Amino acid sequence: FFDVSYNKLSEGNERLRVLSSSDCGVTFPTILFDQAGDSFSTTNSGAPKVSSDWKNQFLYLDELVGEENARLAFIVTNDNGNNLYLDNIEFFIDDDPSPVKINSSFKVYPHENPGSFNITFNLTEKANAGLQVYNLMGQIILENDLPETLNQTYTIDFSGQSSGIYIVRVKTTSEVSATKIFLTR
């Protein structure tokens with residue numbers, strides 16, 4: 001994901017391209033994003049001042065998964081307008097163009113499939129996380145290590161368990177939290 005703000009002026013027609021490389025930047029053969037001028041104009045006020053002056057863009061990076069020498073290039077072609085801004089470049093392990101937005105380190109919530117739930121993380125740097133799920137008798141039903149967690153969502157399939165209330169405990173290097181979740185089958 002990245003945010004772009006652009007005010008197209010009559011004398012300029014900026015262009016933004018995002019290219020990918022799998023040979024450590026020797027070549028950039030794949031075009032992931034290519035827009036210019038009116039096609040991505042977001043504001044009429046010059047420099048961005050309010051959140052509505054920004055547009056969030058999503059790029060699939062599936063072809064780069066597992067590539068040791070992957071690189072991205074953000075290329076701006078200036079046509080004397082000078083009103084193109086980039087911000088909030090983020091990389092996620094999941095390829096979900098509409099991820100859950102959270103303001104904390106993580107969030108536990110029901111999954112669309114009955115008997116499952118999601119944990120979405122929003123950590124500032126990779127960290128090892130731990131997950132424990134308890135029944136109301138205090139017995140551990142599930143215990144998982146989640147290594148090198150950053151900005152991703154895990155789906156936990158609990159369809160083999162009875163419907164009911166469970167306690168989900170999540171631990172990161174800086175935080176420990178527990179929450180109740182009600183699961184149905």
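Of the residues making up segment 113-158, those that are out of contact with any Ser or Thr (no Cβ under 8 Å at 6 or more places or on another chain), outside any strand (DSSP E or B) and either open to solvent by less than 20 Å² (accessible area, probe 1.4 Å) or farther than 24 Å from Glu90 by Cβ (or both) are Asn135, Leu136, Met137, Gly138, Gln139, Asn151. The combined condition, being hydroxyl-bearing (Ser, Thr, Tyr), out of contact with any Cys (no Cβ under 8 Å at 6 or more places or on another chain) and closer than 14 Å to Glu175 by Cβ, is not fulfilled by Thr77. The lone criterion from (1) assigned to a loop (DSSP other than H, G, I, E, B); (2) in contact with a Pro (Cβ under 6 Å, 6 or more places away or on another chain) left unmet by Val100 is number (2).
In this structure, does Pro99 turn out to be surrounded by 17 or more Cβ atoms within 10 Å (Cβ to Cβ) and either on the phi < 0 side of the Ramachandran plot or hydroxyl-bearing (Ser, Thr, Tyr) (or both)? Here the answer is yes, as Pro99 does meet what is asked.
In segment 47-64, how many are touching a helix residue (DSSP H, G or I) at 6+ places or on another chain (Cβ under 9 Å) and assigned to a loop (DSSP other than H, G, I, E, B)? Counting residues in segment 47-64 that are touching a helix residue (DSSP H, G or I) at 6+ places or on another chain (Cβ under 9 Å) and assigned to a loop (DSSP other than H, G, I, E, B) gives 1.
Evaluation of Ile89 against the conditions (1) hydrophobic (A, V, I, L, M, F, W, C); (2) within 30 Å of Phe117 (Cβ to Cβ); (3) over 22 Å from the mean Cα position of the chain (by Cα) shows that the sole unmet condition is (3).
The values are calculated or read from the model by the stated rules, or taken from the named source; none is laboratory data. If you're wondering where the values come from, they're calculated on a predicted model, not measured in any experiment. Glycine gets a Cβ as well: all are built from the backbone with ideal geometry, and neighbour counts include every protein chain shown. Just so you know, the surface numbers come from the protein's heavy atoms only, side chains and all, with ligands and any DNA or RNA stripped out. Shrake-Rupley method; radii C 1.70, N 1.55, O 1.52, S 1.80 Å.
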